[in-house]
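K.L.:
Dropping a structure here in structure tokens format, bear with me for questions.
What follows is calculated from the coordinates using simple rules that are stated; it is not laboratory data. What you are looking at is a predicted structure, and each value in this text was computed from that prediction instead of being measured. Counting neighbours? That spans all protein chains shown, and the Cβs are built from the backbone with ideal geometry, glycine included.
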Amino acid sequence: MAVGVIPLSEWVKSYDCSAITIAVVASHSSLQILHGARQEGFRTLGICVGEERRKMYSAFPGAEPDEWLVLDDYKQLMDYAEYLRERNVIMIPHGSLVEYLGPKLFQELEVPTFGNRNILEWEGSRERQRIWLESGGCEMPKVIDDPKDIDGPVIVKYAGAKGGRGYFVARNFRDFRRNVDLEEEFTIQEYVLGTRYYFQFFFDPIPDDGYQVEGMGNHSNQSLGRLELMSIDRRDEANVDEFYKLGSLRDLRDMGLEPSFVVTGNTPAVLRESLLPQAFKLGEGAVAASMELEGGGKGMIGPFCLETIVTDQLEFRVFEVSARIVAGSNVAIGGSPYSDINEPGISTGQRVSRCIKKAIEKDRLLEVLS
Ligand code: ATP
């Protein structure tokens, strides 16, 4: 079933909104989602494969789900849609859910899901992300179409290589040829030298106060909703982060070593405060442009992340957008220097449940689901 024909309003009409259950696949950012849902007074349900995974959650009673759905395979979730709807479930999507189901099944899952699943069409391809982000005023690293044109540092990225695995840096065509796997689909991007910041924003279409996103195109002169900065992180990447300790790139290459970009964890970051207005402009542009994407439906709703590099000219380049909660927000499970200003201790996971709770109170739940 295509997303466009999902009878969301019929499902939600039959829901008892005083007994909503927040469900999540037990992985990725589920601790904060489950903990946050409980803080907002919702019942919770964890989904996992095999019994083993459950044990870890007993170490975190504050996040332990009220109920578990244990499957043999994540794809079985498709057969449990009715079971979940009978429990008034709202599914909170994250990267692992999308990866385990695959984009197609995720879009076909017949359970009300927080955020906008249609945006996946735009988020899932580098070319479409570029059209989206550039139309929102975000400057992105240049793309080099012909490897022979490499005349400075570039990063070569493989399609679908989640978490940076297999990426490599090349200074010239020779480097490129030596390292590339021509069997794989790849993109060559200008290597932007600077400092990385991953912004965890939250866009809530319901409130009319705070930092309001101004619409563009068909939504010009409209305030679309409130943009919040929940936290900032930076990824720990093996081995590039520690490479400099071993000598110059040339020495390392002589030893047969190449920098790699495999994500192993995250650390919290704060941005030079005078750069925050620019960061908000990027977030605002990404949200406003998302509302104009063909087939993009309601645009971006809820948590999203802009992955950026700030150069020594204090200019931002955005190299990726994630249109749902990212694992980097786990640095702020107990709040961040930014979210704490507005409400001490609030995580992105709790912010999701808050958004659902307020939408129910205002009888606008359909606007934040797909
Ligand atoms: P994910 O989907 O998990 O976010 P990914 O596999 O799509 O990751 P990217 O986020 O695009 O990978 O890049 C992985 C890492 O490579 C980044 O975290 C960053 O350190 C580095 N990187 C990516 N693009 C650039 C660039 N243009 N210049 C410099 N470094 C880059």
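K.L.:
If you average the sequence gap of Cα pairs under 8 Å that are 6 or more apart and divide by the length of the chain, what percent do you get for the contact order?
P.N.:
For the chain, the relative contact order is 21 percent.
K.L.:
Over segment 142-191, what is the mean sequence separation of C-alpha contacts under 8 Å (at least six apart), divided by residue count, expressed as relative contact order in percent?
P.N.:
Relative contact order here is 52 percent.
K.L.:
DSSP loop trypsin sites (Lys or Arg not before Pro) in segment 209-308 with at most 12 other Cβ atoms within 10 Å of their Cβ, which ones?
P.N.:
Sites meeting the loop and neighbour criteria: ARG272.
K.L.:
Continuing with this model, one more query. By how many degrees, between 0 and 90 and to the nearest 10, does the Cα long axis of helix 126-135 differ from the longest principal axis of the chain?
P.N.:
Taking Cα atoms only, the helix is inclined about 80 degrees.
K.L.:
Ranked highest first by average number of other Cβ atoms within 10 Å, how do 81-89, 146-154, 117-125 line up?
P.N.:
By packing density, highest mean first, the sequence is 117-125, 81-89, 146-154.
K.L.:
Determine the dipole magnitude for the chain: charges of +1 sit on the beta-carbon of Lys and Arg, -1 on that of Asp and Glu, nothing else is charged, the reference point is the Cα centre, and the result goes in debye to the nearest 20.
P.N.:
360
K.L.:
Taking only Cα atoms and a 10 Å spring cutoff, compute GNM fluctuations for the chain and point out the largest among VAL270, VAL213, VAL326.
P.N.:
Its mean-square fluctuation being the largest, the pick is VAL270.
K.L.:
Over the chain, with a Gaussian network built from C-alpha contacts below 10 Å, which listed residue (PHE201, PHE114, PHE186) shows the highest mean-square fluctuation?
P.N.:
Evaluated over the chain, the most mobile residue of the options is PHE186.
K.L.:
Please tell me the relative contact order of segment 8-113 in percent, rounded to the nearest whole number, where contacts are Cα pairs under 8 Å and at least six residues apart.
P.N.:
Result for segment 8-113 is 32 percent.
K.L.:
How much of the DSSP beta bridge set in the chain is antiparallel, as a percent to the nearest 5?
P.N.:
Counting DSSP beta bridges with both partners in the chain, the antiparallel share is about 75 percent.
K.L.:
May I pose another question? Can you pull out the trypsin sites (Lys or Arg not before Pro) in segment 309-370 that DSSP calls coil and that have at most 15 other Cβ atoms within 10 Å? Display every interim value, and only then the final one.
P.N.:
Values: sites: ARG317, ARG324, ARG351, ARG354, LYS357, LYS358, LYS362, ARG364; in loops: ARG324, LYS362, ARG364.
Those satisfying the criteria are LYS362, ARG364.
K.L.:
Same structure, new question: Under the rule a/c < 1.5 gives rounded, and otherwise a/b versus b/c splits prolate from oblate, where does segment 24-96 land using the Cα gyration tensor?
P.N.:
oblate
K.L.:
Given the -39500 (n - 2.57) contribution per DSSP H run of 4+ residues, what per-residue ellipticity at 222 nm results for the chain, rounded to the nearest 500 deg cm²/dmol? Walk me through the numbers on the way to the answer.
P.N.:
Numbers: 13 runs with 101 residues, N = 370.
Result for the chain, helices only: -7000 deg cm²/dmol.
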